[in-house]
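Here it is, the structure in full.
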Amino acid sequence: MKFAAAYIDNILAENFRDARRLFFQSLLDIHYAHLTMLHRTNIIPATACSSLIRALDSIQIEDLVAVAYDGTFEDLFFYVERLLAERTDPDTAGMLHVARSRNDVDVTLYRLRWRESVVEVMGEWLALREVLLDIAERETETILPMHTHTQPAQPSTVAHYLHSFIEHLERDHLRLSGALKQINQCPLGSCAITGTGFPIDREMVSDLLAFDRPTGNTYGSIASSDYLLETAGTLMTFLVDFGRLVHDLLLWSTAEFQYVRLSDGFVQPSSIMPQKRNPVALEHSRALISIALGESQTVFQTLHNTPYGDIVDIEDDIQPVVFRMFRDVLRSVRLVRSALESIEFNRARMLEDSRKSWITMTELADTLTRREKLPFRSAHRIASKMVQELIASPAKTLNDVF
C-alpha cells in the first residue's frame, strides 16, 4: 500500500515518533508475554518461539532512534514486525501475531503506560500531602484572616486552611485509586473485537504483564473509553481546586497582603525595577495547571460523539495529549511542592490583619446568645449595629457603643 504524502507528513510520521517515544518498551513487553503464552499453550512450535525470543532480545531502542519515517510501514507495530522478519524470517515473525490484533495490542499499550503515569501522579500527591501536613503542624497556631466572597470574614489558622486542601487531596487520591483499578485490566485476547478461536490463556498474559485481571467483554475491551475518561476527570477535579490553592498563594505573596514569602530560588527580579521579587514559580504553576486542565478537557472533547467501537480518535491521535496531561500535572505539583518546602508565613502581618475588619463579630453574636440568652437574630442585629456605629464614628470605643 502506498500512503499519500499528505497522510505521511501530517499523521503517520508524527504518530510513529510519538509511539516510539511512548510505547516502544511496552510493545516489547506485550510481545514477550504473548509469545510466552503461545509457547505454554502449544499454539505455535517451540522452534518458532525460540527464534522469536532471540529476535526480540536483539531489538533495542537504538534500532529505532535514527529511523526516519518513510511511509513503507504504517506504524511502530509494523516496523517492529519488519525487524522481527529480518532477524528470523517472515513466516516465523508472522506467528507472533496468532490470536491477537493490533487493536488489543494498542489498548494494552495504553493501559500499561497510563497505569505508570497514574502511579507517578499518586506518588507526587502523597509527597505534596506530606509537605502540607508538615506546614500545618508548624503553623497550627498561626492566625489567618479567612475570607468569604473575597471579603474578610472570620479568623482561623493556616493549619485549618491547609487541612481543607489536604482532605480534598485525599479524596482525589481515592478517586484516582479507583481509576487505576479500571485501567489495570488486560485487554489482550480480545483481538479485533470478538476474541479468538485459539485456546489462549488470557489469565496467563494478564499475570505476566502484572495486570489485576483480564478485561471482560471483548467488544467493550476495544471500544470502551470510560477508564480513560475516569482518569482525566479525576485529574480535572484535582486541577480545579489545586489552581485555587495556587491562586491564594499568589494573592498572599503580593505586597498588599505579604502573608507568604517564597525563598529566593522561586522568585525572579525585574530587569528594570530593583525592588521586585516576582513569584514566578507560582505563576508558572498556575499556567501549567490551566494547560493540564485544558488537556484533560481535550480528552473528553475528542472522544465525544465518536462511534462506540475501534476508532483512531481514542487511539493514536489522543495519546500524546493524554501524556502531556500527565506530564503537566506532574510538573505543576512538583513545582508547587518544592516552593512550599521553603515558604515562610508572615505571622505578625496575618495577626495584624485579623484584628481589622471586625472579623470576630460572629463570635460576639454567639457570645450574646450563649451568655445573655438572646435569640441569635437579635444578637446578630446588635453586633451589626455596633460595627456600623464604630465605622461611622471611628473615635468611639466599644464602651461608648455599649
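The values are calculated or read from the model by the stated rules, or taken from the named source; none is laboratory data. Remember, it's a predicted structure, so these values are computed and weren't measured experimentally. When we count neighbours, we look across all protein chains shown, and the Cβ atoms used for this are built from the backbone with ideal geometry, even at glycine.
Going by what's in this entry, would Asp310 be described as within 25 Å of Arg17 (Cβ to Cβ), assigned by TED's automatic domain parsing to the domain that holds Trp125 and at pLDDT 95 or above?
When the stated conditions are applied, Asp310 does not pass them.
Which fully enclosed helices (runs of 4 or more DSSP H) of region 88-190 have 1 or more residues being of a type in the set (D, E, K, R) and touching a residue at least 24 places away in the same chain (Cβ under 8 Å)?
Answer list for region 88-190: 102-138, 158-183.
Looking only at region 248-281, which residues are in contact with a Pro (Cβ under 9 Å, 6 or more places away or on another chain), under 23 Å from Arg331 (Cα atoms) and not in a strand (DSSP E or B)?
Leu249, Leu250, Ser253, Leu262, Phe266, Val267, Arg277
Residue-by-condition table, conditions (1) aliphatic (A, V, I, L, M); (2) farther than 30 Å from Leu96 by Cα:
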residue: Ser177; (1), (2): no, yes
residue: Lys181; (1), (2): no, no
residue: Ile193; (1), (2): yes, no
residue: Pro199; (1), (2): no, no
residue: Leu208; (1), (2): yes, no
residue: Gly243; (1), (2): no, yes
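Condition first: under 22 Å from Phe238 (Cα atoms), surrounded by 20 or more Cβ atoms within 10 Å (Cβ to Cβ) and either touching a strand residue (DSSP E or B) at 6+ places or on another chain (Cβ under 9 Å) or assigned by TED's automatic domain parsing to the domain that holds Arg21 (or both). Can you find one or more residues in region 167-178 that meet it?
No: region 167-178 contains no residue that is under 22 Å from Phe238 (Cα atoms), surrounded by 20 or more Cβ atoms within 10 Å (Cβ to Cβ) and either touching a strand residue (DSSP E or B) at 6+ places or on another chain (Cβ under 9 Å) or assigned by TED's automatic domain parsing to the domain that holds Arg21 (or both).
If Pro320 passes every condition in (1) within 17 Å of the chain's Cα centre (by Cα); (2) of a type outside the set (Lys, Arg); (3) modelled with pLDDT of 95 or more but one, which one does it miss?
Of the numbered conditions (1) within 17 Å of the chain's Cα centre (by Cα); (2) of a type outside the set (Lys, Arg); (3) modelled with pLDDT of 95 or more, the odd one out for Pro320 is (3).
Kindly indicate the residue of region 329-358 that is hydroxyl-bearing (Ser, Thr, Tyr) and out of contact with any strand residue (DSSP E or B) (no Cβ under 6 Å at 6 or more places or on another chain) and also farthest from Trp125 (Cα to Cα) among those meeting that condition.
Filtering region 329-358 for residues that are hydroxyl-bearing (Ser, Thr, Tyr) and out of contact with any strand residue (DSSP E or B) (no Cβ under 6 Å at 6 or more places or on another chain), the one farthest from Trp125 (Cα to Cα) comes out as Ser342.
Would it be correct to say that Glu139 is closer than 30 Å to Gln258 by Cβ and either outside the structural domain of Thr237 (by TED's automatic domain parsing) or crowded, with 16+ Cβ neighbours inside 10 Å (or both)?
For Glu139, the condition - closer than 30 Å to Gln258 by Cβ and either outside the structural domain of Thr237 (by TED's automatic domain parsing) or crowded, with 16+ Cβ neighbours inside 10 Å (or both) - is met.
Identify, from the list Glu74, Glu86, Glu62, the residue that is under 27 Å from Ile193 (Cβ atoms) and among the acidic types (Asp, Glu).
Glu74
Given the structure, is Ser296 under 30 Å from Pro152 (Cα atoms) and either touching a residue at least 40 places away in the same chain (Cβ under 8 Å) or outside the structural domain of Ala153 (by TED's automatic domain parsing) (or both)?
Answer is no for this residue.
To continue, here is another question. Give all pairs with beta carbons closer than 6 Å in which a residue from region 334-357 that is among the polar types (S, T, N, Q) meets a residue that is not in a helix (DSSP H, G or I); count only pairs at least 6 apart in sequence or on separate chains.
Taking only residues 6 or more apart or on different chains, the pairs are Ser342/Ser263; Asn346/Gln258; Asn346/Tyr259; Ser354/Ile143; Ser354/Pro145; Ser354/Pro155; Ser357/Pro152.
Picking from Arg115, Arg111, Arg87, which residue would you name as being in contact with a helix residue (DSSP H, G or I) (Cβ under 6 Å, 6 or more places away or on another chain), more than 26 Å from Arg331 (Cα to Cα) and surrounded by 17 or more Cβ atoms within 10 Å (Cβ to Cβ)?
Every option except Arg87 fails the conditions.
With surrounded by 16 or more Cβ atoms within 10 Å (Cβ to Cβ), without any contact (Cβ under 8 Å) to a residue 60 or more places away in the chain and under 23 Å from the mean Cα position of the chain (by Cα) as the only criterion, which of Arg286, Arg244 stands out?
Result: Arg286 is the single residue among Arg286, Arg244 that is surrounded by 16 or more Cβ atoms within 10 Å (Cβ to Cβ), without any contact (Cβ under 8 Å) to a residue 60 or more places away in the chain and under 23 Å from the mean Cα position of the chain (by Cα).
Tally the residues that are in a helix (DSSP H, G or I), touching a residue at least 60 places away in the same chain (Cβ under 8 Å), under 24 Å from Asn305 (Cβ atoms) and not β-branched (Val, Ile, Thr), restricting the search to region 203-238.
The total comes to 10.
Out of the residues in region 121-136 that are surrounded by 14 or more Cβ atoms within 10 Å (Cβ to Cβ) and charged (D, E, K, R), which is farthest from Tyr161 (Cα to Cα)?
By that ranking, first place goes to Glu124.
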